[in-house]
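Visitor: Quick one: the structure is below, questions incoming.
What follows is calculated from the coordinates using simple rules that are stated; it is not laboratory data. The structure presented is a predicted model; accordingly, all values stated were derived computationally and were not measured. Neighbour counts run over all protein chains shown; Cβ positions are idealised from the backbone, glycine included.
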Amino acid sequence: MSEDLLFKRKHFTYERILRVGVCGTFFGHGLLALMVNPKWIPLLTVYGFSVETACKLMPIIGVIDVVVALIVLLYPLRIVIMWAAFWAFATAITRPIAGESFIEFVERSANWAAPLALLFIQGFPKKPKQWFSR
């Protein structure tokens, strides 16, 4: 087997593993948001949302997370992967902002690092239209 073919096979395997990991993260969090996880209400109210609004927003966030999970798994568009990295980072950093320990952010680093790694494996876009391709 040539080195080039071996590299391509490994690249394909790494990409698939990251796609499954990102999908699992977003699908699981999406389902929890759809169920309006009460532990997450402070993560929205810290930004000024009322408890009532937070409870209404959570299912919307859940649907978006599930859609992101499926897109990343089935047809990983770079723009969606970038959104996944941004959203996972934003939600992780919200924990210490909401009064939780900074370790809660650190513990969730894989949630945003996996989409970033996937984006770099796919190739960071050089042109705007490349954001909308895989």
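Visitor: Residues in region 76-92 near a label at Val106, defined as backbone nitrogen under 11 Å from the 7 Å Cα→Cβ point?
Guide: The answer is none.
Visitor: Could you give me the ³J(HN,Hα) list for region 63-74, computed from phi with Karplus coefficients 6.51, -1.76, 1.60 and θ = phi - 60°, whole Hz, x at Gly and Pro?
Guide: Once rounded to whole Hz, the list reads 4, 4, 4, 5, 4, 4, 4, 5, 5, 4, 6, 8.
Visitor: Sticking with this one: Stretched out fully, how many nm does the piece from Ile93 to Tyr75 gain, at 0.36 nm a residue minus the Cα gap?
Guide: My answer for the length gained is 3.7 nm.
Visitor: Can I ask one more? Count charges around Phe12 for me, please; just the other residues with Cβ under 14 Å from its Cβ, Lys/Arg as +1, Asp/Glu as -1.
Guide: Around Phe12, the charge tally is +4.
Visitor: Report the residues of region 70-103 in range of a label on Leu57: point 7 Å along Cα→C-beta, backbone N strictly under 16 Å from it.
Guide: The answer is 87-99, whose backbone nitrogens lie closer than 16 Å to the label point.
Visitor: While we're looking at this one, here's another question. So for each of 30-37, 50-57, 82-89 I average, over its residues, the number of other beta carbons within 10 Å; can you give me the resulting order with the highest mean first?
Guide: 82-89, 30-37, 50-57
Visitor: Determine how many Å³ per residue the convex hull of the Cα atoms of region 18-71 encloses.
Guide: Spelled out: Cα convex hull of region 18-71, divided by residues, is 68 Å³.
Visitor: Let me check against my output: what whole-number percent is the relative contact order of the chain, with C-alpha pairs under 8 Å and at least 6 apart?
Guide: This gives 30 percent for the chain.
Visitor: To continue, here is another question. Rounded to whole Hz and in sequence order, give me ³J(HN,Hα) for region 116-130 from the Karplus expression 6.51 cos²θ - 1.76 cosθ + 1.60, θ = phi - 60°, writing x for Gly and Pro.
Guide: These are the phi-based 3J(HN,Hα) values: 5, 4, 4, 4, 5, 5, 5, x, 5, x, 9, 10, x, 5, 5 Hz.
Visitor: Reported to two decimal places, what Rg/Rh ratio describes the chain when computed on Cα atoms with Rh from the Kirkwood expression?
Guide: Answer for the chain: 1.05.
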